[in-house]
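See structure below.
The values are calculated or read from the model by the stated rules, or taken from the named source; none is laboratory data. Every value quoted in this text rests on a predicted model; they were computed, and no experiment measured them. When we count neighbours, we look across all protein chains shown, and the Cβ atoms used for this are built from the backbone with ideal geometry, even at glycine. Side chains are part of the model used for accessible areas, which takes the heavy atoms of the whole protein and leaves out ligands, DNA and RNA. Shrake-Rupley method; radii C 1.70, N 1.55, O 1.52, S 1.80 Å.
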Amino acid sequence: MASSLSPPEEASYHHRHSKRYSSSSSSTNGVAVESVPDFVKRPKISLPNYISPSEIESEFSHHDPAFTRINNGSFGCCPSSILARQRDWQLRFLRQPDRFFFEQLKPKLSESRSVIKRLINAEHDEEVSIVDNATTAAAIVLQQTAWAFREGKYDKGDAVVMLHYAFGSVKKSVEAYVTRSGGHVIEVQLPFPVISADEIIDQFRIGLEAGKANGRRVRLALIDHVTSMPSVVIPIKELVKICRREGVDQVFVDAAHGIGCVDVDMKEIGADFYTSNLHKWFFAPPSVAFLYCRKSSSGARDLHHPVVSDAYGNGLAVESSWVGTRDYSAQLVVPSILEFVNRFEGGIDGIKKRNHESVVEMGQMLVKSWGTQFGCPPEMCASMIMVGLPVCFGVSSDSDVSKLRTFLRERFRIEIPTYFRPPADGEIDPITGYVRISFQVYNKPEDYHRLRDVINGLVRDGFRCTSLSG
Amino acid sequence: MEADERRNGDSSNHNHRAPKKPRLAGLITESDIRSEFAHHQTGIARINNGSFGCCPGSVLEAQREWQLRFLRQPDEFYFNGLRRGLLASRTVISDLINADDVDEVSLVDNATTAAAIVLQKVGRCFSEGIYKKEDTVVMFHCAFQSVKKSIQAYVSRVGGSTVEVRLPFPVNSNEEIISVFRQGLEKGRANGRTIRLAIIDHITSMPCVLMPVRELVQICREEGVEQVFVDAAHAIGSVKVDVKDIGADYYVSNLHKWFFCPPSIAFFYCKKRSSESDVHHPVVSHEFGNGLPIESAWIGTRDYSSQLVVPSVMEFVNRFEGGIEGIMIRNHDEAVRMGLMLANAWGTNLGSPPDMCVGMVMIGLPSILCVESDEDSTMLRSYLRVHYSVEVPVYFLGLRDGEEGVKDEESGLITAYVRISHQVYNKQEDYERLRDAITELVKDQMTCKNLSAV
């Protein structure tokens, strides 16, 4: 693969990724690749044929080559072999839709659910429902909360606690369902940049206290596993434990960036409800997500898909498997995705680990080059990290970063989301602008080098956000 | 799409005014049609377009291009392409259905979704005390099962009551339907209640009948029904749709049934009113509060490609003589012709007169088959699929005490009907295969009881 890497980074990058190469390759770009240590310890059988870099390129050859695509977090990606399987499913329906509906759809969706159940360590198949996306899952859980308020199960004014950095759509959903039906919403303010998980835990405790003030109950805690903007991995297990101790009725984890990004173990995490998109970090086509609902949870039986079909009343998993005539192909390819990720060493866990290491490494390279900092310590990020932009850009508003994002896209063909962090009082030379870089298997160091160089070029040219027209 | 099919190069630049009729020389040929539907399984008589519709190869191709645009650079597509593409589709539809304003037209997944939107709103009104407990929702007894469940989930749950109007079937005239509907409204208003919503099918699903929807809506207005929701899942591409003329508050139709779109897409029309409409998409996104069309245009990351191909579908239908109007007329005429052929061959009847049919017709099955339950009809349907390669839905007509029913030539009571569909890919031999299958079952003295033993 073509590369403009400087030697030290190249060596470390190839060292870590040497295991992706088949055992027959010896050197790349003049840098010796160390032999795979395990090979020595194993008996004399050939190494499994892991996917090669050129196969990976081929799998993502439909990505626009003109773009530097470092925003996997927003819309994910889907390899062409999965897209081909998806087309197969679409064709099966189109060929003879009645037969497909009567004979194949239900059992095949069940297979997908079984795969997910095993992946996330859920207890029962019926705890796993497949929905379009986390936004839909939020509507399902929050609708249940709204019913409880409307029907007097909860007192008006009882609280729902959520993070201030919750996803915009989720906040609106809370407004539409909870506020409207009489619930009181408390937003926990989180610091950013974040120094440690304890900061988050402390703030969360304060939020719960506020929720319980005046004899109220906290009926629902809505917690992100990985916040979207700014992106930070939240200490979910600890927060769930605190919720249990403090008598919170239900905990709903919004892990849009969950599966394929962080460890997703339902028994370990212990939440009542947990949702994650598969099209972000698990290579599914748009769109498919799961909503896990613990069987023993109160309210589990009152969860319904808002699009009511003749499957109503048979449990959420069954209701979700028929919401009227739809294209269910994205939900049907899940077993095939497992085949895809297992072509990588270590399967999805290996991918997660390498994505994390690479994004931290690339982030450190940028921080060093721009003289800025991370938005959180490396151990609080997964496959995305917030990297401060040079202070001299003078980022001073949401509008600035929005225009900057558009500028980077239109002028330099770089796709990267940007974030404005209001400065605190008295801060000297605050870092007010951040980019969120993602790393997925199709990314290469030169993607981040390009970003680095473009930003440095703008610095050299005396660029200011105020110069951008809106 | 091939270069010679695309006129403007980019479907989003399409001329959205009334579609021009093609010159005779450019009309689609028989072999073109076969090619467009070459992905349909061969060797089966696919006479059930009504359930899941169909989509021609050129539209599937257009869909793939939209999918690819997203996959290539999703952020760019989201910021620069999606809304425009959806507006182009909505504009085509708005023109087609004679809406006043494209803002009255939202795109949703299917009619089931639209029903949830309307019924959630009604449910909120009950919950928030705007409607009194026991105020009513009136609908036909043969309303689609999903709609009935939606009423249970959103209206009954909060104390609303329902009145079901029994559709006479077989039916002989619009007057029969209008008469029972009036009675239903009376019942809905009894004891000082207010009818908050009437749900009227434009074309019922099972049994399939074209309803006098314009007259029924007018009666609702006369009788003080607050809102009217027309469930027209089968309408667009089946029958002319003029929402202003029909005059309902809400009107939904699936485009993947009779309008050649891939699964799935429906348009949901909400008549503009001076007061706030309070209809919302149940999947709430950051667009909440910006009006239903905008809310529906972003319900989280999804594949919106089936909603983007509507301009390409217009290109497709305009390759037929008379465009979509021509297709509708020919589908109706052929379905009726085939229906009469079957009724004659079996000695039975049509479920409704030809002017109360669209591209679908109900034909009575010979009484000797002894269809006596829904289970029997399901079994017969499977049997026809497996043993005769015929795909056709079967309807069991449960007669109530006192109802006379219709007899066939053998003087047996007709208890079941098949619903045949005709779409552009169908051929006469499809219906002949059904004819011969039933004739053979009758000759072999097969009843549903025998079938279950097979």
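Quick one: which of A:S231, A:S129 is in contact with a helix residue (DSSP H, G or I) (Cβ under 8 Å, 6 or more places away or on another chain) and farther than 27 Å from A:K295 by Cα?
Details: A:S129 fails: farther than 27 Å from A:K295 by Cα.
After applying the criteria, what remains is A:S231.
Looking only at region B:204-222, count how many residues are out of contact with any Asp or Glu (no Cβ under 9 Å at 6 or more places or on another chain) and part of a strand (DSSP E or B).
Final tally of qualifying residues: 0.
Against the condition in a loop (DSSP other than H, G, I, E, B) and at positive phi, how does B:F169 come out, does it pass? Please lay out each step first, then the result.
Working: in a loop (DSSP other than H, G, I, E, B): yes; at positive phi: no.
So B:F169 does not fit the description; no.
May I ask you to verify whether B:V386 is open to solvent by 40 Å² or more (accessible area, probe 1.4 Å) and β-branched (V, I, T)?
Details: open to solvent by 40 Å² or more (accessible area, probe 1.4 Å): yes; β-branched (V, I, T): yes.
Judged against the criteria, B:V386 is a match.
Find the helices (runs of 4 or more DSSP H) located wholly in region A:218-325 whose residues include 2 or more that are over 30 Å from B:A266 (Cα atoms), and list them. Steps first, please.
Values: elements: A:236-245, A:266-269, A:278-281, A:316-320.
Those helices (runs of 4 or more DSSP H) span A:236-245, A:266-269.
Please list, ordered by residue number, the strands (runs of 3 or more DSSP E) wholly in region A:380-449 having 3 or more residues that are closer than 21 Å to A:T466 by Cα and in contact with a strand residue (DSSP E or B) (Cβ under 7 Å, 6 or more places away or on another chain). Write out each step before concluding.
Values: elements: A:384-388, A:418-420, A:433-438.
Qualifying strands (runs of 3 or more DSSP E): A:418-420, A:433-438.
Out of A:L163, A:L222, A:L208, A:L142, which single residue is farther than 23 Å from B:V279 by Cα, open to solvent by less than 10 Å² (accessible area, probe 1.4 Å) and within 14 Å of another protein chain (Cβ to nearest Cβ)? Break it down into steps so the answer makes sense when it comes.
On the way: A:L163 fails: within 14 Å of another protein chain (Cβ to nearest Cβ); A:L208 fails: within 14 Å of another protein chain (Cβ to nearest Cβ); A:L142 fails: farther than 23 Å from B:V279 by Cα.
Criteria check complete, one pass: A:L222.
Give me a count of the residues in region A:351-379 that are in a helix (DSSP H, G or I) and open to solvent by 10 Å² or more (accessible area, probe 1.4 Å).
The initial filter retains those residues of region A:351-379 that are in a helix (DSSP H, G or I), namely A:351-370, A:378-379.
The next check asks that each one be open to solvent by 10 Å² or more (accessible area, probe 1.4 Å); those that pass are A:352-354, A:356-357, A:360-361, A:364-365, A:367-370, A:378-379.
Of the residues in that region, 15 qualify.
What residue, of A:P107, A:P97, A:P7, A:P79, is more than 12 Å from chain B (Cβ to nearest Cβ) and at pLDDT 50 or above?
Working: A:P97 fails: more than 12 Å from chain B (Cβ to nearest Cβ); A:P7 fails: at pLDDT 50 or above; A:P79 fails: more than 12 Å from chain B (Cβ to nearest Cβ).
Just one listed residue meets the conditions, A:P107.
Any chance you could count how many residues in region A:410-436 are over 22 Å from the mean Cα position of the chain (by Cα) and within 11 Å of chain B (Cβ to nearest Cβ)?
Narrowing region A:410-436 to residues over 22 Å from the mean Cα position of the chain (by Cα): A:410-413, A:422-432.
If we keep only those that are within 11 Å of chain B (Cβ to nearest Cβ) too, we end up with A:410, A:413.
Within region A:410-436, residues that are over 22 Å from the mean Cα position of the chain (by Cα) and within 11 Å of chain B (Cβ to nearest Cβ) number 2.
Among the candidates B:I200, B:I151, single out the residue that is within 14 Å of chain A (Cβ to nearest Cβ), under 21 Å from the mean Cα position of the chain (by Cα), among the β-branched types (V, I, T) and crowded, with 17+ Cβ neighbours inside 10 Å.
On the way: B:I200 fails: within 14 Å of chain A (Cβ to nearest Cβ).
From the options B:I200, B:I151, the qualifying one is B:I151.
Being over 21 Å from the mean Cα position of the chain (by Cα), open to solvent by less than 10 Å² (accessible area, probe 1.4 Å) and of a type outside the set (G, A, S) is the filter here; which residues of region A:166-205 pass it?
Answer for region A:166-205, where residues must be over 21 Å from the mean Cα position of the chain (by Cα), open to solvent by less than 10 Å² (accessible area, probe 1.4 Å) and of a type outside the set (G, A, S): A:V178, A:F204.
With (1) away from chain B (no Cβ under 14 Å); (2) touching a residue at least 12 places away in the same chain (Cβ under 8 Å) as the list, and A:R150 as the residue in question, which single condition is left unmet?
That leaves (1) as the condition not met.
Of the conditions (1) more than 14 Å from every other protein chain (Cβ to nearest Cβ); (2) more than 14 Å from A:I455 (Cβ to Cβ), A:V387 fails just one. Which one is it?
Among (1) more than 14 Å from every other protein chain (Cβ to nearest Cβ); (2) more than 14 Å from A:I455 (Cβ to Cβ), the lone unmet condition for A:V387 is (2).
Within region B:57-82, take every residue that is among the basic types (K, R) and over 17 Å from A:D88 (Cβ atoms) and give me the one that is nearest to the other protein chains (Cβ to nearest Cβ).
Keep residues of region B:57-82 that are among the basic types (K, R), which gives B:64, B:69, B:72.
Of the ones still in play, those that are also over 17 Å from A:D88 (Cβ atoms) are B:69, B:72.
Details: B:R69: 10, B:R72: 4 Å.
Only one residue fits best here, namely B:R72.
Is there any pair with a first residue in region B:257-282 that is of a type in the set (S, T, Y) and a second that is assigned to a loop (DSSP other than H, G, I, E, B) and open to solvent by 10 Å² or more (accessible area, probe 1.4 Å) whose Cβ atoms are under 8 Å apart and which are 6 or more apart or on different chains, and what are they?
Filtered contacts from region B:257-282: B:S264/A:T325; B:S264/A:R326; B:S264/A:D327; B:S264/B:D109; B:Y269/B:A99.
Among the candidates A:V454, A:V359, A:V459, which residue alone is modelled with pLDDT of 95 or more, within 19 Å of A:T68 (Cβ to Cβ), hydrophobic (A, V, I, L, M, F, W, C) and within 19 Å of the chain's Cα centre (by Cα)? Spell out the reasoning first.
On the way: A:V454 fails: within 19 Å of the chain's Cα centre (by Cα); A:V459 fails: within 19 Å of the chain's Cα centre (by Cα).
It is A:V359.
Restricting to region B:112-134, name every residue that is outside any loop (DSSP other than H, G, I, E, B) and either touching a helix residue (DSSP H, G or I) at 6+ places or on another chain (Cβ under 8 Å) or on the phi > 0 side of the Ramachandran plot (or both).
Scanning region B:112-134 gives B:T112, B:A115, B:A116, B:I117, B:L119, B:Q120, B:V122, B:G123, B:F126, B:S127.
Under the condition of being farther than 29 Å from A:S61 by Cβ, at the interface with chain A (Cβ under 7 Å from one of its Cβ atoms) and not aromatic (F, W, Y), which residue from region B:34-56 is most open to solvent (accessible area, probe 1.4 Å)?
B:Q41
If we keep just the residues of region A:273-328 that are away from every other protein chain (no Cβ under 13 Å) and among the small types (G, A, S), which is surrounded by the fewest Cβ atoms within 10 Å (Cβ to Cβ)?
So, considering only residues that are away from every other protein chain (no Cβ under 13 Å) and among the small types (G, A, S), the one surrounded by the fewest Cβ atoms within 10 Å (Cβ to Cβ) is A:S296.
Quick one: in region A:390-421, of everything that is open to solvent by 30 Å² or more (accessible area, probe 1.4 Å) and of a type in the set (V, I, T), which residue is nearest to A:T227 (Cα to Cα)?
Among them, the one singled out is A:T406.
Condition (residue is basic (K, R) and under 30 Å from B:R381 (Cα atoms)) applied to region B:81-88: is it met by at least one residue? Show your work before the answer.
Step one: of region B:81-88, the residues basic (K, R) are B:83-84.
With under 30 Å from B:R381 (Cα atoms) added as a condition, the list becomes none.
No, region B:81-88 contains no residue that is basic (K, R) and under 30 Å from B:R381 (Cα atoms).
Where in region B:244-344 are there helices (runs of 4 or more DSSP H), lying wholly inside it, with at least 1 residues that are within 14 Å of another protein chain (Cβ to nearest Cβ), in contact with a helix residue (DSSP H, G or I) (Cβ under 9 Å, 6 or more places away or on another chain) and surrounded by fewer than 18 Cβ atoms within 10 Å (Cβ to Cβ)? Walk me through how you get there before you give the answer.
Values: elements: B:255-258, B:292-296, B:305-308, B:310-317.
Result: B:292-296.
Out of everything in region B:416-446 that is open to solvent by 30 Å² or more (accessible area, probe 1.4 Å) and of a type in the set (S, T, N, Q), what residue ends up being nearest to the chain's Cα centre (by Cα)?
B:Q428
From the set of residues in region A:385-414 that are in contact with a Phe, Trp or Tyr (Cβ under 8 Å, 6 or more places away or on another chain) and of a type in the set (A, V, I, L, M), which is farthest from A:V359 (Cα to Cα)?
A:V395
Please specify each residue of region B:82-124 satisfying the condition of being charged (D, E, K, R) and open to solvent by 10 Å² or more (accessible area, probe 1.4 Å).
We begin by selecting, within region B:82-124, every residue charged (D, E, K, R); these are B:83-84, B:90, B:95, B:100-101, B:103-104, B:109, B:121, B:124.
Within region B:82-124, B:R83, B:R84, B:R90, B:D95, B:D100, B:D101, B:D103, B:D109, B:K121, B:R124 meet the criteria.
What are the pairs, 6+ residues apart or on separate chains, where a residue within region B:105-120 that is closer than 16 Å to B:R302 by Cβ has its Cβ under 8 Å from a residue that is at pLDDT 95 or above and acidic (D, E)?
B:S106/B:E295
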